[in-house]
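Student: Below is the structure I would like to discuss, written out as structure tokens.
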2 protein chains.
Amino acid sequence: MADIRSPHAHRLSDLRAALAKQNLDGFIVPRADEHLGEYVPPSAERLKFLTGFTGSAGLAVVLMDRAAVFTDGRYVTQLALQTDASVWERRHIIDEPPPAWIAEHARPREKSGARIGYDPLLIGEEGLARYTEAGLDMVAVSENPLDQVWPERPAAPAAPAVPHGLQYAGKSALEKREEIATALRAAGQDAAVITDPASVNWLLNIRGGDVEFTPFALGFAVAKADAGVDLFMDPAKLSPETREWLGNGVTVAPRAALGPALGGMGGQVVRVDPAGSPVWFAQALRAAGAKVMAGTDPCSLPKACKNVVEQDGARAAHARDAVAVCRFLHFLHQQGPCGTETEMSAAARLLALRQEVEGFRGESFPAISGAGENGAIIHYRVSDESNRAIRPNEVYLIDSGAQYPDGTTDITRTVWTGPGPAPDDVRARVTRVLKGHIGIATLVFPQGVAGAHIDALARRALWQVGLDYDHGTGHGVGSFLSVHEGPVSISRAAKPVAIGAGMILSNEPGYYLPGAYGIRLENLLLVQRAELPGALKPFLRFETLTLAPFDRALIDAALLDPAERAWLDAYHARVLAEVGPKLPDATLEWLAGACAPLKE
Amino acid sequence: MADIRSPHAHRLSDLRAALAKQNLDGFIVPRADEHLGEYVPPSAERLKFLTGFTGSAGLAVVLMDRAAVFTDGRYVTQLALQTDASVWERRHIIDEPPPAWIAEHARPREKSGARIGYDPLLIGEEGLARYTEAGLDMVAVSENPLDQVWPERPAAPAAPAVPHGLQYAGKSALEKREEIATALRAAGQDAAVITDPASVNWLLNIRGGDVEFTPFALGFAVAKADAGVDLFMDPAKLSPETREWLGNGVTVAPRAALGPALGGMGGQVVRVDPAGSPVWFAQALRAAGAKVMAGTDPCSLPKACKNVVEQDGARAAHARDAVAVCRFLHFLHQQGPCGTETEMSAAARLLALRQEVEGFRGESFPAISGAGENGAIIHYRVSDESNRAIRPNEVYLIDSGAQYPDGTTDITRTVWTGPGPAPDDVRARVTRVLKGHIGIATLVFPQGVAGAHIDALARRALWQVGLDYDHGTGHGVGSFLSVHEGPVSISRAAKPVAIGAGMILSNEPGYYLPGAYGIRLENLLLVQRAELPGALKPFLRFETLTLAPFDRALIDAALLDPAERAWLDAYHARVLAEVGPKLPDATLEWLAGACAPLKE
């Protein structure tokens, strides 16, 4: 068997030679691209190119005599499989943060500390601060030395940017631009730099296809206090029709024009997001004599609060998606006891069923299809090596989602394959997860409450018996955009941003027994105003968007309160009523049983 | 009727003359003393002296041509009653913060802004920052101009400081000093300034009587990395016996020696709490050439986590206090239907009953005794003017507590006076408050959870029907110290400090219908490790310390879940078993009925 890892060792020595030429003693290679995004195009997969590691969270540090790759607990095994131990040390990014590791291992110069290079386009101001606060001499490179030794680097993606019609967007780009401009003027700012492509696409009502899973066109924008927007995006992506759609208030310039444009903003007050934007922007603006004001991306909150057209779109997308999901769950119900499917074949079947759904534009993330012990790996991604049969009488977890022009979906179901009954302890744990799910789904809460305040409601039933899960309870979801969208999440570590009407959040408590099975029960929720007679202040509630049954084989009805049972029965009745009529007869028959009221 | 307000107008003009002499255009008069504490001695009641206002939260701003008193929503009515509208404008401290008000109204000088004086002993570094950030030219005075025009200012209190024996403290002062010293050395600090008298008294195992309700001796300390402590306290307070108790590692110097002592700390690294300590300390240390490091009071967390002796003391104090409370509740049960008691007479009766309890050393705060609409005033303090009869067939709320050498108590009960039945809507609301109380009391949660994460559990049943309460759910409680103790509280605004084993927290959800009645149900909780078989990480639970029945006349059993009813029945059975044997026969008979299992 050929050693597939040797190319990476070669690349490392090439990089070190390039560092020496730039008078650097080290270099950090984050996983992020210049948008600091979750999914990056092949042209920005520097960490993978250098180390072989493909996890979604990681960073490499290259010193002249040693090198390390850092990732978190989710990817420890993958890191060991994908990287060459003779070249790369493997480190836990939380337990041993890269700044401390560099401070310990970088060789200082004779009369000064080591010079550690970084690409200011690939790290945010807050991220960089962790290195400088550790006392490191961080040197911004103007040309990325890794790119210099990457001759076969893929070209930047150039999928067309297309109009996102008003029937989906619900609000014209002009109106959005004027709202952002009003916010900028209120803050005494002349402009804001928008580096998140989801914000750029939301603001201008366009979509694209530059990366997997998230249907946006990569690009930057400068939103101005006069409601004009300068868009920096490869003009080849913009057809005359899209240019027309953008309108007169939007200028288009290639990516290469961005630097000179920032250079011309001297004297202006410009908002830059210190967490979400590469530090290059603040550095370039300051060098040009602009006044940089730290502030959140002005599109972040309005993008999260879906308008009524987007809300209706989300409902419609979920109703259509539910047909594929229910057909899939019926299929699983039939095949589970036979043991003929694998994690990969099941995920492929679900994808095939979704491809039959009107408007399907792709998955919203790589499906997590985990049988038995693989289900306990929270961010499991099945591969040829890990793929295994879904066996009879075990727990199977599938977390998947789809992109439709009217909405983005994300659903997790956990099923018992049968034919035998599920063990009582597994049913008890699934039921406790379900109690947490219902605790969030039924919550009514006043305006002002943030995600950190309600996370415990999803965990209480698990905590009561000493169990917990090591991930957040929920994340924001975009509208035909990223399946992970800020600024609100449901987690103890959530930002102090209030949950607002129109937001779409996931509700996904779980439980994972390593080596045995994983449980996760996930629906998407739409935040609505709650109409409560006599209430003296605004209250909010959740509308569940996702429509698919929870596997009753894994539910112990005796552990549910009457109110919890009532919620589940009503939810199942709604699933049957809304999805049933669109299903083939055999599937409908199965669904009717799956959605019947629980028996004690 | 004589105008009792005129003296204050005179004082204001005297103050303005003193300001002119110090070349100031304005001055702020906070309510705090030089410990920034909750209860202040008469010698520090500057706000009351100047304005007549006695609320526990407030601040006056004096400019040359106008003056204002600021307080929060709790004290709006009291502020209007106590201050002279012809002299003092009344402002809401949240809606119209003093820095903004000064910025708007202070008259600038010809070539510079107005000079606003402040006493650096009466405001913290974070508090001062709000003024400077508003662009104000804040001038620290070395002599408080208000004190200069207060000839009849009372002397500082000088109650004796006495040993707090090991049978109560549970840990020697030497051991505490060594632990603090270890923490200082670990942080690379030579010393910490301790300005909270509760911390000073906890650290040195002493108590005193300088202010009402909180049994500490006022004083400052400098804790050093070699475990020595310099105590700055009027030596007249310290008997030879107390000096002996303090031991050799503690030097004593008068308050006046504090400034010179800080002046001699040049070159040292000194921890100062930027929120809890007057800014004077950091200013004096910096001027002396010391390096000031911001950090929390090193005693704050260890003081909050009671040791096993203090925990046993708390249980014993609550068991004794419960005798007085149960006798009082029996008395109320008898007298309620007659309408013969008043808010003041009832509070006096409770106090008299507590005075019979072994070890009673005083109330831990002014009792809140509110009948009907007065119960809806969250921080109601009955006065001769407001006192009213407790009438038949209404809701009566009493929140009170006591100091014992082995523990501090704080309990609120809400009762229906009878003889008729309570209205269904009142019972429903009380029961929802009770559900919240039980939600906290029964919670099991992992180490790492903070108060902000669990506050919602106390509100959920109220939120469900559009109700809420406008205060936190719980606060820390000291051990024969302040009834309000940091650093942990249960509230959405709580600091991000994890709840830890040994902490004592109140659990006091409520509901208030203005003009009608108030509901609050409060017990104190002791945080314990939860022993959960198979748990993979440490979990915590609450042990309820307070022992007194909740009024069943206000509980709608049908609104309680089976688990909630089980908790209440078990709690009542425990109250009967633990308190009953110490009660007179008639009271025991009543308690048996009050603690019987609920009927549907």
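Student: Measure out, as a whole number of angstrom, how far apart the alpha-carbon centroids of region B:319-338 and region A:44-103 sit.
Tutor: Answer, in whole Å: 67.
Student: Using the charge dipole of the protein assembly as shown (Lys, Arg: +1 at Cβ; Asp, Glu: -1 at Cβ; taken about the Cα centre), state which of B:ALA376, A:GLY228, B:ALA494 has its Cα farthest towards the positive end.
Tutor: Looking along the dipole axis, the top candidate is A:GLY228.
Student: Given an 8 Å cut-off on Cα distances and at least 6 residues of separation, report the relative contact order of region B:466-518 as a percent.
Tutor: Rounded, it is 39 percent for region B:466-518.
Student: Also, I was wondering about something else. Counting partner chain Cβ atoms within 10 Å of every residue's Cβ in B:358-368, what's the average?
Tutor: Average per residue, whole number: 0.
Student: A further question on this structure: Taking 0.36 nm per intervening residue step and subtracting the Cα-Cα distance, what contour gain separates A:ALA134 from A:ASP147 on full extension?
Tutor: Between A:ALA134 and A:ASP147, full extension yields 2.0 nm more.
Student: Can you compute the charge dipole magnitude of the protein assembly as shown about its Cα centre, using +1 on each Lys and Arg Cβ and -1 on each Asp and Glu Cβ, nothing else charged? Give it in debye, rounded to the nearest 20.
Tutor: For this selection, approximately 500 debye.
Student: Right, another one. Give the Cα extents of region B:542-600 along the principal axes, in whole Å, largest first.
Tutor: 34, 26, 14
Student: What nm value, rounded to one decimal, do you get for the distance between B:LEU166 and A:GLN22 when each label is placed 7 Å out toward the C-beta?
Tutor: 6.4
Student: Once the label point is set 7 Å along the Cα-to-beta-carbon vector, what list of distances in nm do you get between A:PRO42 and its counterparts in the other copies?
Tutor: So the distances to the same position in the other copies read 8.6 nm.
Student: Nm distances between the label at B:PRO151 and the same-position labels in the remaining copies, 7 Å along Cα→Cβ, shortest first?
Tutor: 9.6
Student: Out of the DSSP beta bridges found with both residues in the protein assembly as shown, what percent are antiparallel (nearest 5)?
Tutor: The antiparallel fraction comes to roughly 75 percent.
Student: Considering the dipole of the protein assembly as shown built from charges on the beta carbon (Lys and Arg +1, Asp and Glu -1) around the Cα centre, which of B:PRO41, B:ALA346, B:ALA563 is farthest to its positive end?
Tutor: Projecting each Cα onto the dipole axis, the largest value belongs to B:PRO41.
Student: Can you pull out the GluC sites (Glu not before Pro) in region B:364-399 whose DSSP state is coil and whose Cβ has at most 12 other Cβ atoms within 10 Å?
Tutor: B:GLU385
Student: Determine the relative contact order of chain A: mean sequence separation of Cα pairs under 8 Å and six or more apart, normalised by residue count, in whole percent.
Tutor: Taking the mean separation of contacting Cα pairs over the length of chain A, I get 11 percent.
Student: Between copies, how far does the label point of B:SER383 sit from its twins, in nm, shortest first, when each point is 7 Å from Cα along Cα→Cβ?
Tutor: 7.4
Student: Give the lysines reachable from A:LYS495 as a straight Cα distance under 29 Å; neighbours fewer than 8 places away on the same chain don't count.
Tutor: Output for A:LYS495: A:LYS171, A:LYS176, A:LYS224, A:LYS291, A:LYS303, A:LYS306, A:LYS435, A:LYS537, B:LYS435, B:LYS495, B:LYS537.
Student: Hey, another quick one. Would you mind ranking A:VAL139, B:VAL279 by Cβ crowding within 10 Å, fewest neighbours first?
Tutor: Neighbour counts put them in this order, fewest first: A:VAL139, B:VAL279.
Student: What base-10 log of the normalised intensity I(q)/I(0) is obtained for region A:368-498 from the Debye formula, alpha carbons as equal point scatterers, at q = 0.18 Å⁻¹?
Tutor: -1.18
Student: Between the DSSP loop rule and a limit of at most 16 other Cβ atoms within 10 Å, which trypsin sites (Lys or Arg not before Pro) in region B:42-90 are left?
Tutor: B:ARG66
Student: Charges at C-beta only: +1 for Lys and Arg, -1 for Asp and Glu. How large is the resulting dipole of region A:225-334 about its Cα centre, in Debye rounded to 20?
Tutor: Dipole magnitude for region A:225-334 comes out near 240 debye.
Student: How fast does region B:170-315 diffuse by Stokes-Einstein, in µm²/s, taking the Kirkwood radius from C-alpha pairs at 10 °C and 1.306 mPa s?
Tutor: Translational diffusion coefficient: 103 µm²/s.
Student: Rounded to the nearest whole Å³, what is the per residue volume of the convex hull around the Cα atoms of the protein assembly as shown?
Tutor: 200
Student: Taking the Cα centre of chain A as origin, work out the dipole magnitude from +1 charges on Lys and Arg Cβ and -1 charges on Asp and Glu Cβ, in debye rounded to 20.
Tutor: 620
Student: In the neighborhood of A:ALA44, defined by Cβ-to-Cβ distances under 11 Å, what is the net charge if each Lys or Arg adds +1 and each Asp or Glu adds -1?
Tutor: Overall, the nearby charge balance is -2.
Student: If the cut-off is 15 Å between C-alpha atoms, which aspartates and glutamates fall inside it for A:LYS237, apart from same-chain ones fewer than 8 positions away?
Tutor: A:ASP210
Student: Restricting things to Cα coordinates, could you compute the convex hull volume per residue of chain A in Å³?
Tutor: Each residue corresponds to 166 Å³ of Cα convex hull volume.
Student: Okay, next question. Contact order normalised by length for region B:450-600, with contacts defined as Cα pairs under 8 Å and 6 or more residues apart; what percent is it?
Tutor: Relative contact order of region B:450-600: 16 percent.
Student: Could you check what % of the DSSP bridge pairs in region B:1-136 are antiparallel, to the nearest 5?
Tutor: Roughly 60 percent of the DSSP beta bridges within region B:1-136 come out antiparallel.
Student: Test of understanding: ordering B:ILE390, B:ILE378, B:ILE94 by Cβ neighbours within 10 Å, fewest first, what list do you get?
Tutor: B:ILE94, B:ILE378, B:ILE390
Student: Among A:VAL252, B:VAL229, A:VAL308, A:VAL40, which comes first, second and so on when ranked by fewest other beta-carbon atoms within 10 Å?
Tutor: A:VAL308, A:VAL252, A:VAL40, B:VAL229
Student: Another question, if that's okay. Among A:VAL430, B:SER300, A:ALA106, pick out the residue whose Cα is farthest towards the positive end of the charge dipole of the protein assembly as shown, where Lys and Arg carry +1 and Asp and Glu carry -1 on C-beta, about the Cα centre.
Tutor: A:ALA106
Student: Test of understanding: what is the full-extension gain from A:VAL309 to A:ARG66, defined as 0.36 nm times their sequence separation minus their Cα-Cα distance?
Tutor: Here the answer is 82.0 nm.
Student: Dividing the alpha-carbon Rg of region B:508-564 by 2.2 N^0.38 Å yields what?
Tutor: 1.58
Student: Take peptide B:450-463, look around each residue's Cβ out to 10 angstrom, count Cβ atoms belonging to other protein chains, and average those counts.
Tutor: Per residue, the average neighbour count from other chains is 5.
Student: Run lengths n ≥ 4 of DSSP H only: what is the helix-derived mean residue ellipticity at 222 nm for chain A, with -39500 (n - 2.57) per run over all residues, to the nearest 500?
Tutor: -10000 deg cm²/dmol
Values in this text are rule-based calculations from the coordinates and carry no lab data. Everything quoted here is computed from the prediction, not taken from an experiment. No Cβ is skipped: glycine too gets one built from the backbone with ideal geometry, and neighbour counts run over all protein chains shown.
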